[in-house]
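The structure under discussion appears below in the form of structure tokens.
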Amino acid sequence: FGSLLGAAASALEEISQQQSHGSQGGGGGGLGMLGELLPMLESGEGFKPPAQGGDNEEFKEKAAKILPAEIRMFSGCRDEQTSADVSNTSSFGLPADCGPGGAGGACTNAMMLSLSKKPNPSWIELLDDMRDVLGEKGFSQIPQLSSSREVLLKSEFHLKQESGPTKALFIGINYVGQQGELRGCHNDVIQMKQFVTKAGYDEEKMKVLMDDGEHEEPTHANIIEAIRWLTHGAKPGESLFMHYSGHGGRLPDDNGDEADGYDETVVPVDYQSADQIRDDVIFKELCAPLPKGCLLTVVMDCCHSGTVLDLPFSFSCGEDSSQKVHNGTMPHMPINANFNWEKAIKVASAMFKAYQRGGMQAALTAGMRSFGQK
């Protein structure tokens, strides 16, 4: 792998020049993780994943190399759980200015209610409040936070950096006219977009995909392209946001990289003909391109979404784990013992080999094929 990257400097410089001139050639940031790995690989030191059960400091250091951006994801449930679509969210007691009302996702509405009551919570306060709201409404799903960094859970939740550009993507799929039709995902997007705008995101740099006949359709291809739009040209100081409300699924792992034997998926509106989008692909398209100093926040309101981004740190906010945070025995987000280091290295390797042969688009295609995707 080290010799593979020996000539990478000139390629990365060319990519940088393409981005500075606004080239749209695929995934924008493209090889963000490679920029952090390059110095140690060129030196001959190589990159070795930390030993399983080894030193936590080594894990944190190497996590920052393999995923240089700060990425945080809220999910409405654990991987093995389902996330509810609520027929009438008025029972949540949201303020009138929070959104359209009617049907909606339990996760999105629990989050919005919690933030309307306590606008500046800590991470653990927000997760606790979401869990309590869900429990009060009769839902057993447990909210989860995962991250590329070790988050101090009593520190203040924030959606964007103090300054710098912003960009946001919203995807809501009701599967209109299909088996398994949902009712609240469009409302979730409207509500979340309103919240994110109030939080300081630039409405001119937002993209919405919904199957409502008015917005761009959330097809498999369009979702991938929208994620590439979100990450394109990402730079230090930039804040990105993505919200998905729709079906989530699980498929048997097709490449042996999942500890539980399943890939978590996002289900596009055309899933019957174009298939579901596996977590491996989401990791490659959404996480891998982002550079150090970039902030990405993701909210996944769908079933089986606990680890859909496959990040190095993960916290499931059950009552026992929450108590450990409050009494000081677990102040930081725990390490995700199932984080797959080989996946990240596989992405960088496949993309760089292809880039040397055929440029950025070939690199993106090869990254997809490295996970058995067409």
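We did not get these values from a lab; they are worked out from the coordinates using the rules stated. Here the structure is a predicted model, which means the values were calculated and not measured. All Cβ positions, even for glycine, are placed from backbone atoms using ideal geometry, and neighbour counts span all protein chains on display.
Calculated FRET efficiency, Glu216 and Gln179, Cβ-Cβ r, R0 35 Å, to nearest 0.05? FRET efficiency, Glu216 to Gln179: 0.90. In this entry, segment 203-251 is assigned a mean projected area of 4.8 nm², taken as a quarter of its C-alpha convex hull surface.
With N the number of residues in segment 104-184, Rg(Cα) / (2.2 N^0.38 Å) evaluates to 1.31.
Taken along the Cα-to-beta-carbon direction at a fixed 7 Å, the label points for Lys137 and Lys292 span 4.1 nm. Summarising the overall dimensions of segment 186-318 from its C-alpha atoms, the Rg and Dmax are 15.0, 42 angstrom. Binning the C-alpha pair distances of segment 142-260 at 5 Å intervals from 0 yields a P(r) profile of 2, 9, 16, 18, 19, 16, 11, 6, 1 %, listed from the shortest bin outward. Any chance you could check the Cα centroid distance between segment 187-211 and segment 309-334 for me, in angstrom? Computed from Cα coordinates, the inter-centre distance equals 29 Å. Remark: spin-label model distance Leu251-Gln272 equals 1.7 nm, labels positioned 7 Å along the Cα→Cβ axis. Note on Lys205: lysines with a C-alpha under 24 Å away, same-chain residues under 8 apart excluded, are Lys160, Lys167, Lys193, Lys235, Lys284, Lys292.
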